[in-house]
Every structure is written in C-alpha cells, then in structure tokens.
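A short worksheet on the structure shown next.
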Amino acid sequence: MSALFTPDDIHASRASFSDRSLTTTTHASNFRKSLSDAEKFVSSALGPSSASLQTDTFYVDFTDNDPRNPVTYSLIKKWCITLVVCGFTGVTATASSSFAMGNTSMMNDLHCSQLQATIALCVYPLGFAIVPLFSSALSEEVGRRPIHLLSAFASVLCYALAAMSNTIHLVIVARVLGGAFASTGSTLAAGTIADVWEPTERGIPMSLFALVNMACTGLGPMVSGWVEHDPRLRWRWIQWLHAIFSLVYFFVAVFTLVETRQSIVLRHVAQKMRQETGDSRYCARAEETKPTLRELVWISCTRPIHVLLTEPIAMSISLWVFFTWGVLFCLVSSISPIFETFYGFNAGQSGMVYTTMVVGAFIGLGANVYQDELYKRNAARRGPEARLHFTCLAAVLFPLAMFMFAYTASQQFHWIWPVIALTIFMFGAFIAYLVVFVYIADCYGPYASSALAGQGLCRNMGSFAFPLFANDMFIHLTYKWSNVLFAGVALVILPIPFVLFFYGASLRKRSTLCSKVMPSEQDDTEKADASHANTPRSSG
C-alpha cells in the first residue's frame, strides 16, 4: 500500500487540509471524524513520518453569502447599524458645540474667566485629535462593539460629572474625558460603515455620516440656546440633556449593535469551533498574524504622523482642513456674542443662527449627489482628482464668505446678510469634510487609515487651538478685522485644492505610498482612452 503514496501526494494532502476554510459549525464534528479517519489511513500507510499532520491548522473563513459576514447582512440590518453608529456621532457633535451656549451662566455660577470657559470648550476636540491614535489599535484587539458601548456609557458619566461640577477645573476634566470617549466611538463609526458596506455602496452611508456630524454641530446650539435662555435651566441642564440622550443611546446600542470587524467575527467563530470540537487546530488567520497590542499602538501613533510629514498630498490637504476647522470653531464660539451685541438677540435667538450649519449641510449633501455624478463620468480619466470639483468651489467660497461675514456683521446691515455668509461657509465646510475623506481613501488605498488619522489630527488640533486666541483677537482687532484676517489667510491657501485637482496625479506618482495604488488606476485610464479612441465622431 505504501507504494500508492508519493511524498508530493502527502504534501498536497497536507496543504489541502491546512488551507481549507471552514465556516460552519454544524458539520464540524463530521469533518473532524472524516479527517481523523484520513489521517489514520495515511499514518498506517507511511508510519511515524506522517505524525506531523496532527499539528496542521484549519483556517476559519467566510464562504460566499455567509450570513455571519457583515458585508452580506440584509439591507435593513446594514442601515440599522449605520443609523445607530451615526446616532453616536450626532450626540457627540451636539456636545462639541452646544457647550459654548452656556458660557455666560457658567461663568456667573462658577466665577470663572472667559479664557477658562474657552479652554473647557476647546479640550473636547483635543480628545478627538489624540485619543483615536491609541483607540484604533485597541479595536484591532477587542473589536468595535465593546469599545463603542464603553465609550457611550463613559460619555454619560462625563456629561453628568460636568453637570454636577462646582469648579471650572472639574468641568475641564469632565470635558477632556468626554472628548476622549466621544472621539473613540465617533471614530469607529466610519470604520463600522466600511465594515458592512461594499466600497461601491458607501457613498450614501458616508454622506449620511458627514451630514449627521455637521448638522448636529449646529443642532446642539439651536436647542441649548433656549435652555440657556430659561433661568430655571441654564448651563447645567445643557449637560444633563446630553447625559440623558447619551444614556438612551447606550441602551439602544446594547440591543441593536453587533460586532462588524471581520477579523474579530472570525476569531469568535474559530473559538466556538474549538470549544465544540475539542480540536485546537481551528483558528482564524488573524490569530496567527496578530501583532501585540504594544506594536499596534506604536504603529497607530507613529504612522499617521510619518504620513503627514512625508506625503505632499496628505500634508497639503491636512493644512487646508486645519485652517478651515479652526475658523469653524472660532465662529461657533463667536456667533452668540456677535448677534447679541449687534442685533440684540437673546440666547435662544442667537442659538437659532446655528441653523446655518444645518442648512449648509443639507445643501452640501445635494451638491455631493452631483459631485458623485461628475466623479463617475471622469474617474477613469482623472482618477481620484475627479472628486475635487466641488472642493475647488469650496476653496473659493471660504474667503468670499468670510469677507462677507466680516463686513455685514454690524448694525448697519440686516442680520440676514451675515446669516447668508455663514450658510455659504458651512456649505463649503461640509463639502470639504466629506470629500477629503473619500479623496484620501482613493489616493492611499490600504494606507488610507493612516493618512486619514493624520488628517483628523490636524483638523481637530485646529478646532482646539484657534478658539484659544480668537477671543483676544476679537477684542484687539474687533470682529470685523479678525474675520478679514481669516479671509486673507483663506485666500492664501485657496490654491491647494486647485493644485491637487490639476497636478494630483503627478504628486501621486512621486509618492512612495500613492504610487503603489496607481497601477490599477492606470489600467482603467488606458481602457477609457481606448474606448474613447474607438468611439465614432460626428462630422461638423
């Protein structure tokens, strides 16, 4: 019998056993029994030399249309998950901006300065800038769902701590911790959307994510302005409302949110099969290649900064959003003083001015639908740069909107004119926020997470840093000339999207990371050129 088996046959059979992907547990015991019989047969034919078969690994993987694969979830389940994670983004977005509406009553209650109140506002986005560098590595280890739920529950405690604080220092601590936990859950939202939707399906879900983020940044002050205006409520109830909504969200997430990270799902499946079969050879591939948590944290902290400092595309677009979000948060902190001083608005009325963020976001969403059509028409020829048509428009609108706001925000003009200027600015900010995500993802492919983390670091550092000096600048330069200064800087950096639009392909060819993504894009371009050359042209 031994003559029937050659060494090549044995190696082939071992490879087939070790590389086979197992996805169901219902036939696991039968498979193990048949496998054991096969091994006994080979062992009897070859003797002790085949004993190494006992140490082979059986990799667990998804099959086509596997119901446990997040990508194959039903459309209803996908949208349910998307809405739940976007809900947490909305809660955190309202908290980031609505805090400023309670500054007056908080300063009177806690006897703190304007600078201390501004610091309490700014440290929230500081958590968004720094903490995701660490938490993204933790999600590799334990999955998205546990971190999401922990972040939601911890946020409840942080809002409650802020509401019960008797000193501004404790409020600042609560805001620091609140920003840290909120950033973790909100950052994982984009990753969760990517888990359950195919790349070609992510346009609408990601647009919804961006819409919720921007619109709720305006919705928060709209509601909290009237809370501040009511003498029975004031700043503490702004925080209590956040705590209540976050607690409701936490219970919704507990019962609706499932784990969507594929490597974690497969790890759980493999663990279950080991328990049911008693065979330790079942494992997910991620279990064998998994780096240590320390290595993951080191990579997630250093690689985004390395990409930010060495990649021209990531550096230039991060500089642009750094300034844009810095100005955005300066506006968030200055809208109430401007409209209360020049137009006699009360706290509730000045809060309604933040409607501009909601309206601008919805207009931006409509523009993004047309932008997607432009991308589909031009993607084969222009590559990722086909996404930048409306980004170039936003770059032009930013200085125009700020010049308009600077010169119309006074008693000589009706309040509708600065409101229109703010709406134009918010429209551009929404376009920038959404397009930057998809453009960087297209440019950097598998390295996009690091590039996006670097961009997020810059964007939130702008939100943290600008309001710290804005109040003194408004006092010494006045609101008018401060916004003229912002408009001038926006005019200086206006060429950035245009340079990327026209010369982005050349920059990507010279990039160490982007050049690795370009071969498939070049193939698509060649096909498009060939198709265009073969198309009959009309005469005259």
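Rg over Rh for segment 146-213 works out to 1.15, both radii taken from alpha-carbon positions and Rh defined as the Kirkwood radius. Subtracting the Cα-Cα distance of residue 57 and residue 201 from 0.36 nm times their residue separation leaves 48.3 nm of extension gain. Each of residue 292 and residue 170 was given a label point 7 Å from its Cα along the Cα-to-Cβ line. The distance between the two points is 4.1 nm. Surface composition of segment 204-284: carbon plus sulfur atoms contribute 69% of the solvent-accessible area (1.4 Å probe, protein chains only, all chains present). Couplings 3J(HN,Hα) of segment 269-283, computed from phi: 5, 5, 5, 5, 5, 5, 5, 6, 9, x, 9, 7, 7, 6, 7 Hz, in residue order, whole Hz [Karplus 6.51 cos²θ - 1.76 cosθ + 1.60, θ = phi - 60°; x for Gly and Pro]. Relative to the 2.2 N^0.38 Å rule of thumb, segment 75-187 has a C-alpha radius of gyration ratio of 1.15. For segment 368-441, the per residue solvent-accessible surface stands at 40 Å², with DNA, RNA and ligands left out and a 1.4 Å probe.
Solvent-accessible surface of segment 163-276, taken per residue with a 1.4 Å probe and all protein chains present: 44 Å². Rolling a 1.4 Å probe over the protein heavy atoms of segment 423-524, with every protein chain left in place, gives an accessible area that is 68 percent carbon and sulfur.
Derived value for segment 457-511: Kirkwood hydrodynamic radius 13.6 Å. Basis is the mean of 1/r over every pair of different alpha-carbon atoms.
For segment 50-186, the fraction of 1.4 Å probe accessible surface lying on carbon and sulfur atoms is 67 percent. Measuring between alpha carbons in the structure, the pairs from 78/509; 376/509; 77/376; 376/480 lying more than 31 angstrom apart are 78/509; 376/480. Counted over segment 120-246 with a bin width of 5 Å, the fraction of Cα pairs per bin, in whole percents, is 2, 10, 16, 21, 21, 14, 8, 5, 2, 1, 0. Under 5 Å from the amide H of residue 60 lie the amide H atoms of 22, 283, 284, 285, each residue being 5 or more positions distant or on a separate chain, with H modelled from the backbone and absent for Pro and chain starts. The label point for residue 276 and the one for residue 510, both projected 7 Å from the Cα toward the Cβ, are 5.7 nm apart.
When the Cα atoms of segment 382-461 are aligned to their principal axes, the ranges along those axes come out at 53, 30, 14 Å in descending order. Here's how it looks for residue 260: its modeled amide H is under 5 Å from those of 144, 145, which are all 5 or more places away or on a different chain.
For segment 236-325, a/c is not less than 1.5, where a ≥ b ≥ c are the root eigenvalues of the C-alpha gyration tensor, and a/b does not top b/c. That puts it in the oblate class. When Rg and the Kirkwood radius Rh are both evaluated on Cα atoms of segment 348-501, their ratio Rg/Rh stands at 1.01.
Measuring only protein heavy atoms, the 1.4 Å probe finds residue 84 accessible over about 10 Å².
Across segment 430-440, coupling constants 3J(HN,Hα) worked out from phi with the 6.51/-1.76/1.60 Karplus curve, θ = phi - 60°, read 5, 4, 4, 4, 6, 5, 4, 4, 6, 5, 5 Hz, and Gly and Pro carry x.
Taking one quarter of the surface of the convex hull spanned by the alpha-carbon atoms of segment 140-180 gives a direction-averaged projected area of 2.9 nm².
The values are calculated or read from the model by the stated rules, or taken from the named source; none is laboratory data. Note that the structure is predicted; figures quoted are calculated from it, not measured. FYI the Cβ positions are ideal-geometry reconstructions off the backbone, even for glycines, and counts take in every protein chain you see. Accessible surface is based on the protein model in full, side chains and every heavy atom, while ligands, DNA and RNA are left aside. Shrake-Rupley method; radii C 1.70, N 1.55, O 1.52, S 1.80 Å.
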